[in-house]
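Comments concern the structure below.
The values are calculated or read from the model by the stated rules, or taken from the named source; none is laboratory data. Remember, predicted model here, so these are calculated numbers, not experimental data. Glycine gets a Cβ as well: all are built from the backbone with ideal geometry, and neighbour counts include every protein chain shown. Note: areas computed on protein heavy atoms with side chains; ligands, DNA, RNA excluded. Shrake-Rupley method; radii C 1.70, N 1.55, O 1.52, S 1.80 Å.
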Amino acid sequence: MSGMPLTNPPVITDLIIWEDDPASGVFTTAPKPDVTQPPLKFLFPGAVPSVSNDIYSAAFRYWTAAEAAKRGVKFWAPTVPASQHWQRGPVLEVHLDRWEDLQADYDRRALNFYHGPSVCGKVYSCASPDVVCHELGHAILDAINSHLWDAKLKETSSFHETFGDMSAILCALQLPSFRQAILVETHGNLCCDSRLSRIGQQFGVAVHARYPNSADANCLRNASSFFSYCNPSTLPHSAPTTVLSSDEHSFSRIFTGALFEALGDMLTLSAANPSMPTPNELLAVSLDMRDILAGSVKKARTTAGYFAEIAKAIALESADKNPDYKAIFLNAFVGHSILSMQTAAVIQSSPEMLQDEMRAIADQRPADETEMMILPAERYGLAEDLQVEVPIPPPGFVSRSAGTDGRAIEPASLPDATEAFVDELFLTGEVAYNGFGAKGVRSFGKRRNKTHELVRGDRGLRLQRRLFR
Ligand SMILES: [Zn+2]
């Protein structure tokens, strides 16, 4: 024994984690999280592993995912209603490696992650903070507005995907080192192609190799892409990523691109030196975007033309943060044809009347009305007709998207849009029949986890959502 005094062993309070994605190869440090503590508690089943700096270990993936999830809930928690609960209760499970599949999903009980093949071996969806925070975004939006979960409409489902991608982008910006790095990489021009705009790089490369239409070659999706609005029922259900398809992840890129552009313009507007924004200015606009998105989803009508409705709500909500933000959002939404020029002019000139309408929608929200529509059994090979709920939106000013000439186009009726959505679910093999197929008809498609399933309801056979990917 030496005469040296005994000291306590060092306590590890910081982790080494991927800054945004394993493909970027950039590490940063962050406080070791306790995911079991409020706000918005998680349960990671199984033993808590020791901290490891072996990037190929399950322990490294555990702590990277735990840090991303905790950072995400700290960011979003102020926007979730006072009960501070997830949609299903006080705790959300996180399963880091369910089985082999190139996906990740949120099913109201849990965030689920999987592993699959890639050119360099196995890829784990939980290894990417981007992917973790995308799935978290679905859970947050579901906690804020649960009506969007099972609205059988292309534009509400696609907005869920946009919210997930914006969650990945905004949660990444909560890391100080990442804010600094992105400002350097983009020279302050935030909406260009960068590590910020490329969501889920490593995982996207693996998905692209197996399903080229489902991801870009270098990421899952790139928020810097530019797509203009068109009626989703006119699109094919699958297409190369250079063009739009009606798949929600593809179609969501219209809205994500507009929001990403607006985020860049908000930074330019807010920066003391617009050609050299600071990390603190970038942090401030990320918080503003969070509040604008969370506030508007409580106030938008659930309609077939949801993109135009939520765009209207966002533009109006943004003016509460900064009166100059409204022009930024209107410019982005008109530029992407999400809003017609005529609708943008009404939003610009009549905010009081529209604000009153939105407040009324938010106040009556828990009582959103629906009616039942019957779809014929034989179309889908069912043993009985299918009952599908169709929302009845409250009256008021109807926001319109535009054609390529900027003029307003009429959205599909709610029954037509619902029927088209349901038809596509069956067509793409996204419905689990659960034994309700006539003469043994079964669901098809390679996916083990389908987004929807058939269930026996009080009034007959119903179709309900299982998960968002
Ligand atoms: Zn998603």
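Where does the chain land at 222 nm, in deg cm²/dmol rounded to the nearest 500, when only DSSP H runs of n ≥ 4 count, each adding -39500 (n - 2.57), divided by all residues?
-12500 deg cm²/dmol
May I ask you to evaluate 6.51 cos²θ - 1.76 cosθ + 1.60, the Karplus curve with θ = phi - 60°, for each residue of segment 209-214 and list the ³J(HN,Hα) values in order in whole Hz, giving x for glycine and proline?
Once θ is set to phi - 60°, the couplings for segment 209-214 become 4, 8, 10, x, 7, 9 Hz.
HN-Hα J couplings of segment 411-416 from phi, Karplus 6.51/-1.76/1.60, θ = phi - 60°, integer Hz, Gly and Pro as x?
Computed from phi, the couplings for segment 411-416 are x, 4, 5, 4, x, 5 Hz.
Quick one: go through segment 197-221 and flag any residue whose amide nitrogen is under 20 Å from the point 7 Å out along the Cα-to-Cβ line of VAL184.
It comes to 197-198, nothing else.
Taking Cα atoms of segment 370-465, Rg/Rh with Kirkwood Rh, to two decimals?
Rg divided by Rh gives 1.07.
Alpha carbon centre of segment 413-469 versus segment 230-263: separation in Å?
23
Subtracting the Cα-Cα distance from 0.36 nm times the residue separation, let me have the gained length for CYS192 to ASP385 in nm, one decimal.
64.6 nm
Rounded to the nearest whole Å², what accessible area per residue is found for segment 414-469 with the 1.4 Å probe?
52
Long-range amide H contacts for ILE392: which residues qualify at under 5 Å (H placed 1.01 Å from N, peptide plane, sequence gap of 5 or more or a different chain)?
For ILE392, the qualifying residues are GLU369, THR370, GLU371.
Under the classification rounded if a/c is under 1.5, otherwise prolate if a/b is larger than b/c and oblate if not, where does segment 14-367 fall, given a ≥ b ≥ c as square roots of the Cα gyration tensor eigenvalues?
Rounded is the answer for segment 14-367, as its axis ratio a/c remains below 1.5.
Quick check on the chain: of the DSSP beta bridges with both residues there, what percent are antiparallel, nearest 5%?
Expressed as a percentage, antiparallel bridges in the chain total about 75.
Taking every Cα atom in segment 136-293, find the radius of gyration and the maximum pairwise distance Dmax, and write them in Å.
15.8, 46
For the chain, which cysteines have no disulfide-compatible partner, meaning no other cysteine Cβ under 4.7 Å?
Taking the Cβ cut-off of 4.7 Å, the unpaired cysteines of the chain are CYS120, CYS126, CYS191, CYS192, CYS219, CYS230.
How many angstrom lie between the Cα centre of segment 19-82 and the Cα centre of segment 278-320?
Value for the Cα centre distance between the two parts: 26 Å.
Can you list residues from other chains, or at least 5 along the same chain, whose modelled amide H is less than 5 Å from the amide H of GLY457?
Under 5 Å from the amide H of GLY457 lie the amide H atoms of ARG462, each far enough along the sequence or on another chain.
For MET373 and ASP458, calculate 0.36 nm times their separation in residues minus their Cα-Cα distance, and state this gained length in nm to one decimal.
29.1 nm
Specify whether the C-alpha gyration tensor of segment 414-466 places it in the rounded, prolate or oblate class, a ≥ b ≥ c being the square roots of the eigenvalues: rounded for a/c under 1.5, otherwise prolate if a/b is larger than b/c and oblate if not.
oblate
Summing Lys, Arg as +1 and Asp, Glu as -1, what charge do residues with Cβ under 11 Å from the Cβ of GLY200 carry, GLY200 excluded?
Summing Lys and Arg as +1 and Asp and Glu as -1 gives -4.
Which residues' amide hydrogens lie under 5 Å from the amide hydrogen of ASP385, considering only partners 5 or more residues apart or on another chain, with H built in the peptide plane?
Residues meeting the amide H criterion: ALA377.
Give me the tail of P(r) for segment 125-222 as a percent: Cα-Cα pairs with distance above 15 Å.
65
Provide the per-residue ³J(HN,Hα) series for segment 121-132, in order, calculated from phi with Karplus coefficients 6.51, -1.76, 1.60 and θ = phi - 60°, each as a whole number of Hz, with x at glycine and proline positions.
Computed from phi, the couplings for segment 121-132 are x, 8, 10, 10, 5, 6, 6, 9, x, 4, 5, 4 Hz.
May I ask you to give the percent of accessible area on segment 370-465 that is carbon plus sulfur, with a probe radius of 1.4 Å?
So the carbon and sulfur contribution to the accessible surface is 50 percent.
Return the FRET efficiency for the residue pair GLN342, VAL243: r is the Cβ-Cβ distance, R0 is 25 Å, and the value is rounded to the nearest 0.05.
Calculated value: 0.35.
Take the Cα atoms of segment 316-368, find their three principal axes, and give me the spread along each one in whole Å, biggest first.
34, 22, 16
Enumerate by residue number the chymotrypsin sites (Phe, Trp or Tyr not before Pro) in segment 42-111 meeting two conditions: DSSP loop (anything except H, G, I, E, B), and at most 13 other Cβ atoms within 10 Å of the site's Cβ.
Those satisfying the criteria are TYR56, TRP99.
Mind checking segment 214-297 for chymotrypsin sites (Phe, Trp or Tyr not before Pro) that DSSP puts in a loop (not H, G, I, E or B) and that have at most 15 other Cβ atoms within 10 Å?
PHE226
Using a 1.4 angstrom probe, figure out how much accessible area segment 57-148 has per residue, in square angstrom, rounded to the nearest whole.
30
Carbon and sulfur: what percent of segment 223-279's accessible surface (1.4 Å probe)?
C and S atoms contribute 61 percent here.
Ratio of alpha-carbon Rg to the 2.2 N^0.38 Å globular estimate for segment 100-175, to two decimals, please.
Taking N as the residue count of segment 100-175, the ratio is 1.17.
Among the lysines, which fall within straight-line cross-link reach of LYS450, defined as a Cα-Cα distance under 29 Å, with same-chain neighbours fewer than 8 residues apart omitted?
Answer for LYS450, where 29 Å is the Cα cut-off: LYS41, LYS70, LYS122, LYS152, LYS154, LYS298, LYS439, listed by chain and number.
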